[in-house]
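Report on one structure; see the data block that follows.
Values in this text are rule-based calculations from the coordinates and carry no lab data. Treat the numbers as computed from the prediction; the structure is a model and nothing was measured. Here the Cβ positions follow ideal geometry from the backbone for every residue, glycine too, while neighbour counts run over all protein chains shown.
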Amino acid sequence: MQTNKDVNEIKKALGKKGAYGPDIEMEKYKEGTYTPEQIKDLSKTSEDVKDRLIDVGIIASEADRSGTIVFIDNGMSHCSNKIQEGVEILSTKKALAKYDWLKEYNWKAMDPAKDKYTAKSYLEDSDGYFVWVKAGYHIKNPVQTCMLLNKDKSIQNLHNIIIVDEGASLEIITGCTTSKHADESLHVGVSEIYIKDDASLSFSMIHNWGKDTAVRPRTVAILGKNSKYVNNYVLLNPVGTLQSFPVAYLNGEGGTCRYNTICLAHKGSDIDTGGSIVLNAPNTSAEIMSRSITRGGRMVTRGRLVGNAPGVKAHLECRSIVLEDGGVTLAIPELETSVADVEMTHEAAVGKIARDQIEYLMSRGISEDDAVSMIVRGFLVGGIKGLPDNLRKEIDDAVEKANFGN
Amino acid sequence: MLEIKNLHVEAGEREILKGVNLKVEEGETCILFGPNGSGKSTLLAAIMGYGYCKITDGQILFRDVDITNMSVDQRAKLGIGMMMQRPPNVVGVKLGTLVQAAAQGDTCVLDKSDEFRMGNFLQRDVNVGFSGGEIKRSELLQLTAQKPSFVLLDEPESGVDLESIDLIGEKVHDLLYTNKCKTPEREGRVSSLVITHTGQILDYIGADKAYVMGDGIIRCSGRPMDILKDIRERGYGECDSCKLIKM
């Protein structure tokens, strides 16, 4: 393990609560499995597993995908790379054994002592996925990664590294989900993302948990000159508690970063999400867009933009619809700078779904339920740029299933 | 076709309609005149069933069915359609999607969207950033898809430039007389109740009857051209002293 930090300090961090969200007693969870079933052909796995994969955007046949890596609990279960040239897909551990230089990226973006979850991951020497696109390669079809929690009342602990080298581009679709019987588990996933000069990454994360699952993803991205990073996060099904606050550092001139967050807080769900973008280099730009719907749950959307260089342009937009009384909706937009030459804006809006819009659609012969669904679907994706088509489809399906009219 | 009896409506905690009585016969085109704030738009919205219009007394009958407490979509399914003056923006819902939903699977209108100069708008969010004329054309495209047997038109010509007025007029005409998408079983003319201030739309449709509204009631009725001429010459002030006030 590579870090500049003293191990004792990291051990101490095991007691350090997360900055946001309810604290989770990690002691009450069992250790996750390290040797899961090995799945050679995803399309031949059990229907239960296949259904869960489909729900988070993972295509079992791997059609139109460059490669797939699947983790079940704490161990790798499947890994395939259909194109080989230009992209490497491995488990983090295998990659560290294969490439000595990787130690310069291992636990370098993420501070292991950030909180108890990262400390746990570090001290357990968690495995995870490693995706590396070599310089100059444009990988046409997405790489799909999946993290499935299969053992009930256990901790899933993963550590992923993504590197998009100079001038390369990649799209990743990552789905995280639980088996039906493993509702009461904890997912911790640490992801370190490096996007080099002139490189681009579109990273879409779809979550689909059980109603009692606890989820603590930890993500840091570091961007080079003229690089581009789009981070989409979609959570539309019930969850116990989820707290995520990814951070991106725009360290090279001209870099751009965009976070799109689309969430639905059902009754009993506690969701605290959003993220931060730190614009450290001149003429960088960022946008944080969040669309959420509260249906009796707790929904906190955070957004934090920090402008540390001249010519920075950044915008933050949180919009929430409160569908019914009860629950909590909290929008916390923050802008911070000490530089004069920046342009940073935010807008936030919380309210009910507009009655006049529903009735307008109804006046065309559309039922009230269908009108509400159309508006909700439109609200969730309207004005959001960089959303892959299959994500839109996931959202459509989830809205359909959620049956908002009732 | 439509009969309104002693209709009282509150909107924003204020009584706007104070006992409206009005009839539109099958196949008839009726014009509704009246000064700003007299309750014309509220009357149309109440017929369509919009929630902000609270009916406190009276009845609305459509083809002898009491629709006073029906939901908006039920009324639409019975054959009532409305062209709003200022419809709301619906972010994220494409015009093409809405037109298709209104047409209930009949895609014939979508193919005709260019005739409405709306072909490039089908992929845009409904009404978002539309100009005055674009809103009218979008409303007419939706109504044409919907094929109502009774239409409520709220100032179809307002905010439309002189060049576009011909297209709007023609499409309103088609909607009332020759809706080309109409199913063969629907015979005869479409009935309508049309609000107009300028009377410009009367160059394109033949009106059978006109009502004048003032302060929440129907003040008088008569032949549309006669009434329009009176209003043009003497304004609405005359209504207050008019002996014909009782219909």
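Can you tell me how much longer the chain between B:ARG223 and B:SER158 gets when fully stretched, taken as 0.36 nm per residue apart minus their C-alpha distance, in nm with one decimal? Please list the in-between numbers first.
Values: separation 65, 0.36 × 65 = 23.40 nm, distance 2.23 nm.
That works out to 21.2 nm of additional length.
Quick one: go through segment A:214-238 and flag any residue whose amide nitrogen is under 18 Å from the point 7 Å out along the Cα-to-Cβ line of A:VAL339.
A:222-229
Scan around A:THR261 for amide H atoms under 5 Å from its own, H built in the peptide plane at 1.01 Å from N, and keep only partners 5 or more places away or cross-chain.
A:TYR233, A:MET289, A:SER290, A:ARG291
Which distance in nm do the two modelled labels at B:THR178 and A:GLU37 give, with both placed 7 Å along the Cα-to-Cβ direction?
Each label point is offset 7 Å from its Cα along the Cβ direction, giving 6.7 nm.
Pick out, in residue order, every one of the trypsin sites (Lys or Arg not before Pro) in segment A:1-64 that is DSSP loop and has at most 13 other C-beta atoms within 10 Å; say none if there are none. Present the calculation step by step, with values, prior to reporting the outcome.
Numbers: sites: A:LYS5, A:LYS11, A:LYS12, A:LYS16, A:LYS17, A:LYS28, A:LYS30, A:LYS40, A:LYS44, A:LYS50, A:ARG52; in loops: A:LYS5, A:LYS16, A:LYS17, A:LYS40.
The qualifying sites are A:LYS17, A:LYS40.
If each residue of separation counts as 0.36 nm, what is the full-extension length gain between A:LYS401 and A:ASN283 once their alpha-carbon separation is subtracted? Before the final figure, lay out each step's value.
Details: separation 118, 0.36 × 118 = 42.48 nm, distance 4.27 nm.
Extending this stretch completely gives an extra 38.2 nm.
Return the calculated 222 nm mean residue ellipticity for chain A, to the nearest 500 deg cm²/dmol, obtained by summing -39500 (n - 2.57) across DSSP H runs with n ≥ 4 and dividing by the residue count. Don't jump to the answer; show the numbers that get you there.
Details: 7 runs with 66 residues, N = 406.
It comes out at -4500 deg cm²/dmol, rounded to the nearest 500.
Restricting to Cα pairs below 8 Å that are 6+ residues apart, what does the relative contact order work out to for chain B? Please round to a whole percent.
Working: 466 pairs, mean separation 63.8, N = 247.
The normalised contact order for chain B reaches 26 percent.
In terms of Cα to Cα distance under 19 Å, which aspartates and glutamates are near enough to B:LYS5, apart from those fewer than 8 places away along the same chain?
Here the aspartates and glutamates satisfying the reach criterion relative to B:LYS5 are B:GLU15, B:GLU25, B:GLU26, B:GLU28, B:ASP57, B:ASP64, B:ASP66, B:ASP215.
Cross-link partners among aspartates and glutamates for A:LYS93, C-alpha distance below 12 Å, same-chain residues fewer than 8 apart left out?
Candidates past the 8-residue exclusion: A:ASP125, A:ASP127.
Among the DSSP beta bridges whose two residues both lie in the protein assembly as shown, what percent are antiparallel, rounded to the nearest 5?
Numbers: 36 of 182 bridges.
Bridges in the protein assembly as shown are about 20 percent antiparallel.
Apply the Karplus parameterisation 6.51 cos²θ - 1.76 cosθ + 1.60, with θ equal to phi minus 60°, to every residue of segment B:112-122 and state each ³J(HN,Hα) to the nearest whole Hz, in sequence, with x for glycine and proline.
The phi angles translate into 8, 4, 5, 4, 8, 6, 10, x, 7, 9, 4 Hz.
State, as an integer percentage, the relative contact order of segment A:318-379 based on alpha-carbon contacts under 8 Å between residues 6 or more apart. Before the final figure, lay out the partial values.
Values: 42 pairs, mean separation 20.5, N = 62.
Reported relative contact order: 33 percent.
Which ³J(HN,Hα) values in Hz, rounded to whole numbers, follow from the phi angles of segment A:356-367 under the Karplus curve 6.51 cos²θ - 1.76 cosθ + 1.60, where θ = phi - 60° and Gly and Pro get x?
Computed from phi, the couplings for segment A:356-367 are 5, 5, 4, 5, 4, 5, 4, 5, 9, x, 8, 5 Hz.
Please compare each pair in A:LYS103/A:LYS180; A:LYS30/A:LYS116; B:LYS23/B:LYS54; A:LYS28/A:LYS116 to a cut-off of 26 Å on the Cα-Cα distance and tell me which ones are over it.
Values: A:LYS103/A:LYS180 37 Å; A:LYS30/A:LYS116 16 Å; B:LYS23/B:LYS54 21 Å; A:LYS28/A:LYS116 14 Å.
The answer is A:LYS103/A:LYS180.
As an exercise, use a Förster radius of 60 Å and the Cβ-Cβ distance of B:THR107 and A:LYS12 to find the FRET efficiency, rounded to the nearest 0.05.
Values: r = 66 Å, r/R0 = 1.10.
Efficiency computed from Cβ-Cβ geometry: 0.35.
So how do A:MET26, B:MET48 line up by other beta-carbon neighbours within 10 Å, fewest first?
Taking fewest neighbouring Cβ atoms as first place, the list is A:MET26, B:MET48.
Among DSSP bridges having both ends in chain B, what percentage is antiparallel? Round to the nearest 5.
Working: 24 of 41 bridges.
Once the DSSP bridges in chain B are tallied, antiparallel ones form about 60 percent.
Taking every pair of Cα atoms in segment A:301-406, average 1/r, invert it to obtain the Kirkwood radius, and report Rg/Rh to two decimals. Don't skip to the end; give the middle numbers.
Details: Rg = 17.5 Å, Rh = 16.2 Å.
On the Cα set of segment A:301-406, Rg over Rh gives 1.08.
In straight Cα distance, which lysines are under 17 Å from A:LYS393, not counting same-chain residues fewer than 8 positions off?
A:LYS385, A:LYS401, B:LYS94
Calculate, for A:LYS211 and A:ALA97, the FRET efficiency according to 1/(1 + (r/R0)^6) with r their C-beta to C-beta distance and R0 30 Å; round to the nearest 0.05.
Numbers: r = 39 Å, r/R0 = 1.30.
Once the sixth-power term is evaluated, E becomes 0.15.
To the nearest µm²/s, what D does Stokes-Einstein give for the protein assembly as shown at 25 °C and 0.890 mPa s, using the Kirkwood radius over alpha carbon pairs as Rh? Kindly include the intermediate steps, with their values, before the conclusion.
Details: Rh = 27.9 Å.
In µm²/s, the coefficient is 88.
What list of ³J(HN,Hα) couplings, whole Hz, do you get for segment A:53-65 from phi and the Karplus terms 6.51, -1.76, 1.60, once you set θ to phi - 60° and write x for glycine and proline?
5, 4, 4, 10, x, 8, 8, 5, 6, 6, 5, 6, 10
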